[in-house]
Amino acid sequence: MAWLHRFTNLFRADRHSRDLDREMGFHLDERVDQLVTSGMTEREARREARRRFGNRGVMKERTRDADIVAWLDALAADIRQAFRALRANRGFAVVAVVSLALGIGANTAIFSLINAVMLRSLPVRHPETLLSVRMGGTDDVFTNPLWEQIRARGDVFGGAFAYGQARFNLAPAGEARNVDGEWVSGDYFRTLGVPATLGRTIDAADDVRGCPAIAVMSYGLWQTEFGGAQNAVGKTLMVNAHPYTVVGVVDRGYSGITVGQRSQLYLPICSEAVMDGPDNAIDNRSSWWLNVMVRPAAGSTAAQTAARLAAAAPDVMAATLPPDRPPQAQAEYLKQTLTVTPAASGVSQLRLQYTGALRVLMVVVALVLLIACANVANLLLARATVRQHEAAIRLALGAGRKRLVRQMLTEAIVLSLLGAALGVLFANWGARLLTSFLSVRGTAAWLDLAIDLRVLAFTSAVALLSGILFGLAPAWRSARTDPQAALKAQGRSVVGRSRRGVGWALVAGQVALSFVLLTSAGLLLSSFRNLTTTHAGFQRSGVLLVNVGLPDTSTSLPGTILERLRALPGVRSVAFSSMTPMSNRGENTFLVTDSYHPVRKRDGLTWVNHISEGYFSTIGTRLLRGRDIEASDRAGSSQVAIITQSVARKVFAAADPLGQQFRRPMGKQDSAPYEVIGVVEDTKFGSLRDSTGPVIYLPAAQADQPVQFFTVEIRSDIPPTTLIAGVKSVMAQLSPPASLQFTTLSEQVARSLSRDRLLATLATFFGGLALLLALIGLYGTMAYSVARRRNEIGIRIALGAARQRVVRMVVGEVIVVVITGLCVGVALAVVATRLVASFLFGLRASDPATWIASAAVLIGVALLAGAAPAWRAARMNPMMALREE
Amino acid sequence: MTRRQKNDILQGTLALLVLKTLAARGAMHGFAITAHIQSASSDLLRVEEGSLYPALHRMEQDGWVRAEWGTTEKNRQARYYSLTAAGRRQLAREEASWARLTDGVRRVLRYA
């Protein structure tokens, strides 16, 4: 352990120096005593003693330097030797470095995602004291009246602010140009400690009732909209077709409070009244759109703040009770309590959705790295056996065994550091690619992927550990060489049975890990395929969706729009609705009949979609019974509704639903009755994973308010995107200031599956990579084993063994190893597949077809890998083998 | 120059002498080691302070001795060195090689 002492002494230099001082001081005192007893005076004795001691400083330095210099010298020599060895074996070096680069790079890429999504703190002042306020423990969205109540109790906190995620349309008319942004309260910037880089940020005076429409831009938006001009303050931006005055630009390093979203625009909450007009959410007690964060008051803890908040909760809830809810719901509302949770890394929908998936991926890439390390270890082992001769000579010449071990470890670590350097480049690109897979609420995520210290530390640690992992075995084997035996045998052995163990064990391990990865990939892939082909209750392909935002409400305009759009060439049918499947927007309602009063309030909850005629034929939902909406169902005529099958079964049981009536509870009383005129098949609305989607469809013409924001669906025979230009020109004529947003139904549905696509794609990619690495490892080990046993095989053939027996012998080894690996792999997979079980759809984690397929693939690949070496062994000319002595 | 040479020779054997001292007399501090070597060799050998502590440090690093702080009879703080198992083995090796060396030198000198 001498080297360990030396290494640690580098860091204990101070204490060491002090110790040495004390020790030498003692020695000096003793010497003085001795000289005094022999007759000198005290002063003379001291001078003599110090003269004898010489220069203490120099002595101390010599003691210390001898260590460091020797150590550094040896290290430098080892590194030079390592590079020389790598240059001499370029093929091996390239294979090893590339495999390591793939493994380490993949780990770094996933870790930098995890860092950006889960670990990094917000770039604000004291993020560790930020607390997110929640209702009832989990809900973190509030209404504005609730926020105002909380704000009024500001003496409980050291700072409180509210913010709301939003998308703002910067285009004054026509096709929308959306940016992510936030509604912010007056104390947002001050509490977070985020400064402005130009002009000023929003402050408390700006966030009062009736405030003017002002805005703060992000640095990025300032560059793109105004080219970074200094006179941007005071300019006007059209936001959702309303003019807003720019008052400042936020500091460059701040990109919003939500991980996964880059906020470009900050508007004061009070200006929402300007934007949404009479329908605004400022006093609306049922519109949930704000998140609230607080800091504890100076001197209080988070727990104390939580307690004070909980104490205030009953008054807060009572003051904001929404009037139009059934009494049961009202009672539940009043019982809600307020809690806090730490929010140092912000609140993030992205994090909630992807944490599980990222953890799975972390395990996957760790396994891939292990497989890559096993390959490199095998390669090094093979080389160590070849270099036994060289090691024996060095030992005979006097090198210490520990020195040999250290040198081989250095070689391994140099390899892994080279792999890490290459891997970081690859990881940079990979992380950006992965981010494009992430999307939240239908919009692509944005992450700050700057490589920071944590990621670099992680990469270095992984590289070092891998280097030690695959370098230890070969180094140990080298050091245990008996110089005499190795020199005598001249680097060859006729029967090398004992050496076989480690190499094959590594291959078996690779087979096991590959099985785990293949099975998981197979499960995730099947699950994703199930999701994309599941019966959703509508036809996805060939439908263009246009989200329309009219400048104000209108009863006749939507109908006119439909007529004009119907006339476009290639259009088969057109309709509009208030919701489309997987659009992350939705409206709910409750249902009651005379005989149906659900025990649990939740059971009576359904989606409600306001539709035009022709909706079902456009979206491709089958009408099972009754009729579709017709022109005669309009405002003033009796209210009708079409329900889905599951609603029919739930509410009306066995009875025929046609002609039946139901009501929607609206606060103190129920609505006027609706008559059921048709039943359609079940459709999935929120997500493809929903088991059923209870929906009621009401005619848009009979809605409480005339429409202003709706989605037009166009089914066409030609590719939907080719219709965009035509739609734009029609809308330009009918309503120039309307905002438009285009997408296709298939794209919208696909976006809702982004997390599953991420998992399936990456699991398959890494499963394939692992298989490739295992194949290379298997082939290499087999070929090497055959090459080493040339003598033995040659003798066997010369003595009369049939070629077939030789092949069987070789292939038999492979089969044994693969079977062992598979058994271990099955055991590991039982645990591992439990990790992915929660992501699966339409199949269980123990799906036998997938497991059997993975095993079959592995066995097939292993046989393939073994085929070439076995063939070569069988075709060997025994005379050639024996002659090569 | 000559000074360096004198130190070098003694350095090679200094480790041997220190190890033997500790084996014979148990745990001792640095000053006592030099006193013992001087008296046991009947003043023929004297250890330079400048070479003692570097040598002791090196031996501690190599794991042949271990050191602990203790108190002397005069109530002063001193570092006591004692032999480890590895040190004992090293002592045996060094004694053997020293015996070989002197034997060889003696034979050459006897050759007249």
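Only the coordinates and a few stated rules stand behind these numbers; no lab work does. Here the structure is a predicted model, which is why all the values come from computation and not from measurement. Please note: Cβ atoms are built from the backbone with ideal geometry, for glycine as well, and neighbour counts cover all protein chains shown.
For the reader, a short list of remarks on this structure follows.
- Counting Cβ atoms of other protein chains within 10 Å of each Cβ in B:49-61 and taking the mean gives 6.
- Loop-located trypsin sites (Lys or Arg not before Pro) in the range B:31-112 whose Cβ has at most 12 other Cβ within 10 Å (DSSP): B:Arg46, B:Lys74
- Loop-located GluC sites (Glu not before Pro) in the range B:11-87 whose Cβ has at most 11 other Cβ within 10 Å (DSSP): B:Glu73
- When the trypsin sites (Lys or Arg not before Pro) in the range A:642-740 are filtered for DSSP coil states and for at most 12 other beta-carbon atoms within 10 Å of their beta-carbon, the remaining sites are A:Lys668.
- Evaluated over the range A:190-281, the Cα radius of gyration and Dmax, each in Å: 13.0, 37
- Alpha-carbon Debye profile of the range A:543-718, log10 I(q)/I(0) at 0.08, 0.13, 0.14, 0.17 Å⁻¹: -0.24, -0.64, -0.75, -1.11
- The Stokes-Einstein estimate for the protein assembly as shown, based on a Kirkwood radius over Cα pairs and taken at 4 °C with 1.567 mPa s viscosity, is a diffusion coefficient of 36 µm²/s.
- Peptide B:69-80 has a mean shielding of 3, counted as Cβ atoms of other protein chains within 10 Å of each residue's Cβ.
- Two-site label geometry, A:Arg22 and A:Arg359: point separation in nm, points 7 Å out along Cα→Cβ: 4.9
- Anisotropy class of the range A:702-741 from Cα gyration tensor, a/c 1.5 cut: oblate
- Rounded FRET efficiency, nearest 0.05, which uses the C-beta distance separating B:Ser82 from B:Asp103 and R0 of 25 Å: 0.25
- Distance cut-off 21 Å, percentage of C-alpha pairs in the range A:108-219 lying past it: 52
- Distance between the range B:34-74 and the range A:697-722 - C-alpha centres, whole angstrom: 96
- Centroid-to-centroid, using Cα positions, the range A:830-885 and the range A:131-154 are 57 Å apart.
- Divided by 2.2 N^0.38 Å, where N counts the residues, the Cα radius of gyration of the range A:127-344 comes to 1.05.
- Restricting the calculation to Cα atoms, every distinct pair contributes to the Kirkwood radius of the range B:2-110, found to be 14.8 Å.
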